[in-house]
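What follows is a set of notes on a single structure, which appears directly below.
Just so it is clear, none of the values below were taken in a lab; they were calculated from the coordinates. If you're wondering where the values come from, they're calculated on a predicted model, not measured in any experiment. Cβ: placed from backbone, ideal geometry, glycine included. Neighbour counts: every protein chain shown.
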Amino acid sequence: MRIATVLAVTALAAGAQAQAAGNQNGMHFFNSTASVSFVDFPNFATGNTAGDCLWKIHAGSGMKRGTGSTTATGTVFPAFAANFIGTSPLNIPDIQYRTTTLAGSCVVPDFSAAPIATLGVGSITLPSAGPWVINITHNTAPVTLPDGDTAICYLATAGETSATANACRGFVTVGGSSPASVGGCTVAKSGAFNALTATIATLPPNVELWVETGMLEPTVQPVKNGATSLDMGYGAYDFIVAPAGTSTLGWRVEALQHAGKVAVPLVSFTGRSTLLTLDGQVAWLDLDIFSDALIAFGAVGTVNLVGTGPSQDGVFSTFNFPIPVDATGATIHVTFWFVDVPNATIVGVTNTATTNFTF
């Protein structure tokens, strides 16, 4: 099953606006083209408990930015109304952002700490049965996310059960490229929290919660194995290199506010511990002798508008580079600047995306 239907923008309880330029640059951390399967809240069979949630980690490998933070202004996730009745509303899960902690060697949400933010969403009446992709803008209540690992959770509607009319079910992507085990962690950066028992469950490593966060600032994400694959899951960050050297890696830039500008990459194999400033635009990147390597390979291009209405993005995608087995053990850090060519000025910069290559 794949999800293709797009629902119109829904409003947060706190109020929302139609999408404005620059407020929905996506960060995925999942494989958009993988097959999709249901995932239920942990007490869905008998009745959701307040605090039950499905969660996902937005990893620091993709969330490092020169300003020290990123502004979340939207959320996109698929939902399915079980026991569909057209005249009854679907209660959309509220959205919560949390700091993280370690469970052994694995990063999980820190449910013992106060959340960074909780956003009430409300309900919507669906026009028909089936899965829907729900695009929520919360640009009247943006959330500042710190550099590093951040958890996004969507919260179960308390009391809903598998027998409730229009009870919400979520989705995971299945069959994406598995990430390498980092520090001995062999599970996904996605899972569920059972508030009744105060326990955290995790998913298998190639299964990722289907949820996208829209950012105010421009974003860049690594894309594994094909320019159109949209595999931006953790397999593109903790990258297992194919023995035959058939793996490829490219990058997808989203910058709606810089449509028409030229996206220019810089790459570092050294690190991302230095604030690098060009024309007042600040990135985290350590310059090294390979910094202009992607420019030399022609990975430069114009940000073009894709889609319409609330689903419109400003996108530039590089071609995918073959990754040889010799890359094993290397780390690559990539950021993009945006150039206003007629005025010869740099007008923006993305986060820094980091990929570690493992055999």
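Backbone amide hydrogens, once placed in the peptide plane, bring L249 within less than 5 Å of N225, F321, I323, excluding anything fewer than 5 places away on its chain.
Shape analysis of the range 218-358 places it in the oblate category; the axes a ≥ b ≥ c from the Cα gyration tensor give an a/c of at least 1.5, with a/b not above b/c. I want to make sure I understand the PRE zone here: with the label point 7 angstrom from the Cα of A165 toward its beta carbon, which residues in the range 48-84 have backbone N atoms less than 16 Å away? Residues 81-84 fall inside that zone.
Listed as lacking a disulfide-compatible partner in the chain: C168, by the criterion of no other cysteine Cβ under 4.7 Å.
Per residue, the convex hull around the alpha carbon atoms of the range 39-110 comes to 143 Å³. How big is the gap, in Å, between the Cα center of the range 232-250 and the Cα center of the range 98-152? Distance between centres, Cα-based: 27 Å. Using the Cβ-Cβ distance between S181 and V325 with R0 set to 30 Å, the FRET efficiency from 1/(1 + (r/R0)^6) comes to roughly 0.95. The lysines whose alpha-carbon is closer than 22 Å to the alpha-carbon of K64, local same-chain residues fewer than 8 away aside, are K56, K189, K224. Would you mind classifying the range 114-228 by shape? Square roots of the alpha carbon gyration tensor eigenvalues, ordered a ≥ b ≥ c; an a/c under 1.5 is rounded, otherwise it is prolate if a/b is larger than b/c and oblate if not. In terms of gyration-tensor shape, rounded. The charge dipole of the range 10-214, taken about its Cα centre with unit charges on the Cβ of Lys, Arg, Asp and Glu (plus for the first two, minus for the last two), comes to roughly 220 debye. Given contacts defined as C-alpha pairs under 8 Å and at least six residues apart, what's the relative contact order of the range 61-171, whole-number percent? Contact order relative to length: 48 percent.
Computed from the coordinates I sent, Cα extents along the principal axes in Å equals one of [x] 72, 47, 34; [y] 64, 53, 41; [z] 60, 45, 37. Tell me the label. So the structure-derived entry is [z]. Is the range 157-209 rounded, prolate or oblate when judged by the Cα gyration tensor, a ≥ b ≥ c being the square roots of its eigenvalues, rounded requiring a/c under 1.5 and prolate requiring a/b larger than b/c? Judged from the Cα gyration tensor, the range 157-209 comes out oblate (a/c at least 1.5, b/c at or above a/b).
In this structure, S128 and Q312 have a Cβ-Cβ separation that, at R0 = 25 Å, corresponds to a calculated FRET efficiency of about 0.55. Pairs of Cα atoms nearer than 8 Å and 6+ residues apart set the relative contact order; for the chain it is 23 percent. Residues of the range 316-341 with an amide N closer than 19 Å to a point placed 7 Å from the Cα of S273 along the Cα-to-Cβ direction: 330-335.
The HN-Hα couplings worked out from phi for the range 79-87 by the Karplus form 6.51 cos²θ - 1.76 cosθ + 1.60 (θ = phi - 60°) are 9, 10, 8, 5, 6, 4, 10, x, 8 Hz, whole numbers, x standing for Gly and Pro.
Approximating the spin labels as points 7 Å out from Cα along Cα→Cβ, the A117-to-T101 distance works out to 2.4 nm. Full extension of the chain between N343 and T46 gives 100.8 nm of extra length, using 0.36 nm per residue less the Cα-Cα distance. Taking other Cβ atoms within 10 Å as a rough exposure proxy, I332, I200, I85 sort from fewest to most as I85, I200, I332. What residue among G307, A327, G250 has its Cα farthest toward the positive end of the dipole of the range 218-358, where the charges are +1 on Lys, Arg and -1 on Asp, Glu, each on the Cβ? Positive-end residue among those listed: G307.
From the alpha carbon centroid of the range 321-359 to that of the range 60-96 is 27 Å.
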